[in-house]
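A.B. asks: Sending over a structure as structure tokens; questions will come in a sec.
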Amino acid sequence: AEQGHRQRRGHQMADPTQQEVILQFMSLASCDADFATSFLEANGWNLELAVQSLYGDAGGAAAGGGGFGGGGGGGGGGAGLGAGDLAALGGFGDGDDVRAPMAQFSDTLVGVDPAARPAHRRPPPQSAANHPLEAFRDFRTEGSPSGGDDDDTAAGGGGDGAIFGLPKRAKNLSEIYRPPTEICFVGSFEELRLTGRQQSRWLLVNIQSPTEFASQQLNADTWTDEGLRAVLGSSFLLWQRYFDSEEGATYCRHYLREDATFPHIGLLDPVTGQLVKSWHGFTAAERLMDKLMDYADRPPKDISWDEPSPAAPQPAAPAAP
């Protein structure tokens, strides 16, 4: 108690210059007045030397941030501060050297000139023959004239081809789930309608989703049925698209609800464009063929598409006298 009283008395007797140095040391070292006074006295009241001695004795780190000794308060953190660092922090002087704040200004980060913008390129539309999410497709073999049958030997030969009259066995998933490109109409929807009107054939539209396995089932089981193919070849035009392709999205926008289930099969009248019948999800070949037979016997007719009759011969002009 007597020692603390003596320290407080010495602190009270300090001249104003020493009092200012004590306050600066307390703010830099985060310590109390008694510790600052004793440390400054040990360094001849030289603030810079006292700070360097303090942090130098702490190994430049008091690096975990422990407190100072004595009656010390909060911990100091980080590496030691030099004289230049103290000056930058405002430890010396009266603040006359503080840099003035920057003036406000505005500028453009990115030019907004429309002429300088790169041209926007629309991605190519996805057709029924190509889709990045398709898991069971081999587009290279589908695009070849043989449709992937180049490896098969002649009838009666070896390999996985037809042997002794047996049907050809698929060798991989891409062959099992390949789309029926050989029976699909190639062209736009408008061309499909025009051809249907000319040939008096119903339109059978198949909208698929590459992430729905039921679409793959249609390719593997329904469209490969020979009986169904015979019916389609005589009275129908099959048109297949993905729902997120440009033409598929247009069809869905006109004929399907927003919550439509895929795959979708729609029977359309080529003359009026009306959706006459529709199926959703996987549809077996027998069920689909049973419904299509009702329409195969009464093909659509466009009376305005009849061939024009040949022009009647004009009578010859009378000969001049």
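The values are calculated or read from the model by the stated rules, or taken from the named source; none is laboratory data. Since the structure is predicted, the reported quantities are computational estimates derived from the model, not experimental observations. Counting neighbours? That spans all protein chains shown, and the Cβs are built from the backbone with ideal geometry, glycine included. Keep in mind that these areas ignore ligands, DNA and RNA; they rest on the heavy atoms of the full protein, side chains included. Shrake-Rupley method; radii C 1.70, N 1.55, O 1.52, S 1.80 Å.
A.B. asks: Taking the Cβ of Pro300 as the center, what net charge do the other residues with Cβ under 11 Å away carry, scoring Lys and Arg +1 and Asp and Glu -1?
C.D. replies: After counting each charged neighbour, the total is +3.
A.B. asks: Ratio of Rg to Rh for the stretch 195-311, alpha carbon only, Kirkwood?
C.D. replies: Rounded to two decimals, Rg over Rh is 1.01.
A.B. asks: Quick check: with the 1.4 Å probe, what order do Arg257, Arg201 take by accessible area, largest first?
C.D. replies: Working: Arg257 165, Arg201 40 Å².
Largest accessible area first, the residues go Arg257, Arg201.
A.B. asks: Next question, about the same structure. Within the set of other residues whose C-beta is less than 10 Å from the C-beta of Trp279, count the net charge using Lys and Arg as +1 and Asp and Glu as -1.
C.D. replies: Around Trp279, the surrounding residues sum to +3.
A.B. asks: I want the local charge near Phe236. Using Cβ-Cβ distances under 11 Å, sum +1 for each Lys or Arg and -1 for each Asp or Glu among the other residues. Mind dumping the intermediate values first?
C.D. replies: Numbers: positive: Arg201, Arg229; negative: none.
Here the charged neighbours net out to +2.
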